[in-house]
């Protein structure tokens, strides 16, 4: 047999090799299991095409799908397996398909199982492949008609393949007996695929490595998507694995009053949470940090869950912030996301890609409310956000996340408490004074240094954001309904003709 590399056999699946610490150990048997529709056949085709690209002989033995169905599956992903992969469609001998003979003692399940195994071995000896896929074990389990005979058959196949240089991937659709773990104890490793059906939105898929002998791997669940081109796996983020060196400088916002409120600005490599009811300008404040980053010569990435991009571009342009122009010049990456179609792992990977390939030093996530919709449960949201913020901080990026609190006035409640995750927390509120509804801003937390403990009024106008002097005569800010009881001067209001009062 042709000499092959002693390195691991890469699977050809984006992200999966990272989870497996490089791929599958050669000359061993692995199990890929999952219910129908989870992507097993897609993984198998990618695994074999990866080997073919490296000059390895590849064999696909199918007991469940026809050769034409397999070629059709490959074509649907833009891949051509003709000439690259040998397909052996295992069809029982004609005598075994004869109903009269099937009812006789001569053609019992034992003989059918023996004939099937013999055909598999003959195909292997003919091709002498480096990579083999057997699809699927459910048919062999049915022929075995018992756990003991089934285990013996799998052991016989394992011993046969162990005398060769082949790396074998067994597929199991788990339709015969989902509780049967016979193969788990025999094979070298087990990869489990799942498909979940949320109450709304498209199906979600995930992957977990249950076992890998003699090899450390990335445990836990990892999000998976099937798209044109094949399966993509998004390894679970561990921030502790990613650390870069950078200088912790103070970054200013471009608004002097806001910088004073923040104690000079925000520290590089920190996260800021903008908290407040709807309409208080959380998005505009986050975009002010984006504008300042661009003016420093840096790039930024904005991920929008809640607002249509055309409306965002239109209203920011009216305030003198040409966000669309910044995007067209390659200074800002703006992406609108659909929480119903996006898994948490895929979103995390998109953010990481923008930081790595686009060199984004400012990241805006607007908002956590939309991001939460992509989460299976609240606890998962907090854990995902913790790892993502830690990762971005260690890359020297500044993150700005918004949370819309429930209600407009009175007792405010957040959909999920992430205030402890952020280094800086900016609180936005409505208040009433002089017969008008006004807006107030305060910094209630800054982990990286001192900040003003005052409250300032701010206004959203044609020139963007304007902050006033600190106001001391407030009551009830933390109750959610700030009341201005003093006689300090407030920011002027606009008359209908555009002049100030």
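The values are calculated or read from the model by the stated rules, or taken from the named source; none is laboratory data. A quick note: this is a predicted structure, and the numbers were derived from the prediction, not measured. Cβ: placed from backbone, ideal geometry, glycine included. Neighbour counts: every protein chain shown.
Brief remarks on what is shown
- The residue that is nearest to residue 393 (Cα to Cα), counting only those in the range 200-218 that are in a loop (DSSP other than H, G, I, E, B) and touching a helix residue (DSSP H, G or I) at 6+ places or on another chain (Cβ under 9 Å), is 218.
- If only residues of the range 61-77 that are part of a loop (DSSP other than H, G, I, E, B) and at pLDDT 90 or above are counted, the one that is nearest to residue 173 (Cα to Cα) is 63.
- The set of residues in the range 211-229 that are more than 14 Å from residue 191 (Cα to Cα) and surrounded by 12 or more Cβ atoms within 10 Å (Cβ to Cβ) comprises 225, 226, 229.
- Residue in the range 315-331 that is modelled with pLDDT of 95 or more, within 17 Å of residue 458 (Cα to Cα), out of contact with any helix residue (DSSP H, G or I) (no Cβ under 9 Å at 6 or more places or on another chain) and in the same structural domain as residue 247 (by TED's automatic domain parsing) present: no
- Only listed residue being touching a helix residue (DSSP H, G or I) at 6+ places or on another chain (Cβ under 6 Å) and either surrounded by fewer than 18 Cβ atoms within 10 Å (Cβ to Cβ) or touching a residue at least 24 places away in the same chain (Cβ under 8 Å) (or both), chosen from 197, 166, 144: 144
- Qualifying positions in the range 105-123 - crowded, with 17+ Cβ neighbours inside 10 Å, assigned to a helix (DSSP H, G or I) and at pLDDT below 85: 112, 113
- Strands (runs of 3 or more DSSP E) (entirely within the range 220-278) containing at least 3 residues that are over 24 Å from residue 42 (Cα atoms) and not assigned by TED's automatic domain parsing to the domain that holds residue 37: 271-276
- Residue in the range 437-456 that is on the phi > 0 side of the Ramachandran plot, under 35 Å from the mean Cα position of the chain (by Cα), assigned by TED's automatic domain parsing to the domain that holds residue 282 and modelled with pLDDT of 75 or more present: yes
- The range 62-78, subset surrounded by 20 or more Cβ atoms within 10 Å (Cβ to Cβ) and in contact with a strand residue (DSSP E or B) (Cβ under 9 Å, 6 or more places away or on another chain), residue nearest to residue 226 (Cα to Cα): 70
- Within the range 284-372, helices (runs of 4 or more DSSP H) holding 2 or more residues that are in contact (Cβ under 8 Å) with a residue 40 or more places away in the chain and buried (at least 18 other Cβ atoms within 10 Å of the Cβ): 344-357, 368-372
- For the range 43-60, the candidate set comprises residues that are surrounded by 22 or more Cβ atoms within 10 Å (Cβ to Cβ) and in a helix (DSSP H, G or I); within that set, the residue that is nearest to the chain's Cα centre (by Cα) is 43.
- Just one of the listed residues (15, 37) is more than 20 Å from residue 128 (Cβ to Cβ), surrounded by fewer than 19 Cβ atoms within 10 Å (Cβ to Cβ) and either modelled with pLDDT under 95 or under 26 Å from the mean Cα position of the chain (by Cα) (or both), namely 37.
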